Amino acid sequence: MIEEPDNLIFKQLHILRQLKRDKLLEDEVVIRIQEKITLDYITSMRVDTSINSTQNTNGKDMEDKLQEENVPHIFVCYAHKDNESSESSNRWLNRLLEQLEPLNIQGQVKSWSDKDIEIGSDWHGSIQSTLQHAKAAVLLVSPAFLASKYIRNSELPILLKNAKDRGVKILPIILRHCLYEETKFKYPDPFNGPEELSLSSLQSANPPSKPLNRMEEYEQDETLLLVAKRLLRVVEQNQ
């Protein structure tokens, strides 16, 4: 028996409240999942009116998806707080993706962040799948990034393991002054390791002493452009 959308959403939100109350999920994660549930509900209300057009485009969507899977994926790991400023110049994810967009259009890379997750998709599963297939990763490092339990427990351990086992290139960009050199991450298990690594052992695009928010805007663009060019070289060498 298929549940009515209202009942299903009620159960999802109830489970989410329980997980939050038991402190099994961070507030940031709860907010993101709530947004997905709400958008999923709105979409489900429109399904009946769009089913015919969806059927007509299924073949093309599948073809596009298969083609996209052959393009080297670049995983962008960031804290949402660092892309929520009222000033567009301080939305660091958006600015990086803008620099990478010509390479996306030309089919040379596929830059990926959780903004690419489709409404109704398995949010955590989509992230984990992309992590496993990424050829390179960019870390937008800040106090919010280093404080994120989801990044620490669910994203960085996989990236660090794949960097060691498969040579996945990891490029940190320092956004703000933070405990970049002091913070250590364990992998493949985020709690027990046994491997441990400090991000400072990775070559960052800019020195920790000169984060992006201390640069003039043209210098910020130069740094982001440098990362885009380095990523292109990485994927070309791996082809």
In a helix (DSSP H, G or I) and of a type in the set (A, V, I, L, M, F, W, C) - does that describe any residue in segment 162-171?
-> yes
Report yes if Arg152 is under 25 Å from Val29 (Cβ atoms) and part of a helix (DSSP H, G or I), otherwise no.
-> yes
Scanning segment 197-238 residue by residue, those touching a residue at least 24 places away in the same chain (Cβ under 8 Å) and of a type in the set (Ser, Thr, Tyr) turn out to be Ser204, Thr223
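Hey, among the residues in segment 109-128 that are of a type in the set (S, T, N, Q) and within 14 Å of Cys77 (Cα to Cα), which one's modelled with the highest pLDDT?
Checked segment 109-128; the qualifying residue modelled with the highest pLDDT is Ser111.
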Look through segment 106-127, keep the residues that are part of a helix (DSSP H, G or I) and open to solvent by 40 Å² or more (accessible area, probe 1.4 Å), and return whichever of them is nearest to Lys164 (Cα to Cα).
-> His124
Please go through segment 147-178 and pick out each residue that is of a type outside the set (D, E, K, R) and over 18 Å from Glu195 (Cα atoms).
-> Ala147, Ser148, Tyr150, Leu171, Pro172, Ile173, Ile174, Leu175, His177, Cys178
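I'd like to verify a number: residues in segment 133-147 that are open to solvent by 10 Å² or more (accessible area, probe 1.4 Å) and outside any helix (DSSP H, G or I), how many? First the steps, then the outcome.
Filtering segment 133-147 down to residues open to solvent by 10 Å² or more (accessible area, probe 1.4 Å) leaves 133, 135, 143-144, 146-147.
Remaining after also requiring outside any helix (DSSP H, G or I): 135.
Number of matching residues: 1.
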Go through Leu159, Leu103 for me and flag whichever is in a helix (DSSP H, G or I), open to solvent by less than 10 Å² (accessible area, probe 1.4 Å), under 25 Å from Leu225 (Cβ atoms) and of a type outside the set (Asp, Glu).
-> Leu159
Within segment 167-224, the residues that are of a type in the set (A, V, I, L, M, F, W, C), open to solvent by 70 Å² or more (accessible area, probe 1.4 Å) and either under 17 Å from Val141 (Cα atoms) or under 21 Å from the mean Cα position of the chain (by Cα) (or both) are Leu179
Residue check, Lys186 farther than 19 Å from Tyr78 by Cβ and in contact with a helix residue (DSSP H, G or I) (Cβ under 8 Å, 6 or more places away or on another chain) | yes
When Ala134 is run through (1) modelled with pLDDT under 95; (2) under 17 Å from Ser198 (Cα atoms), the failure sits at (2)
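The values are calculated or read from the model by the stated rules, or taken from the named source; none is laboratory data. As the structure is a computational prediction, the values presented were derived from the model and not from experiment. Ideal geometry is used to build each Cβ from the backbone, glycine not excepted, and the neighbour counts take in all protein chains shown. Areas reflect the complete protein model, heavy atoms only, side chains present, ligands, DNA and RNA absent. Shrake-Rupley method; radii C 1.70, N 1.55, O 1.52, S 1.80 Å.
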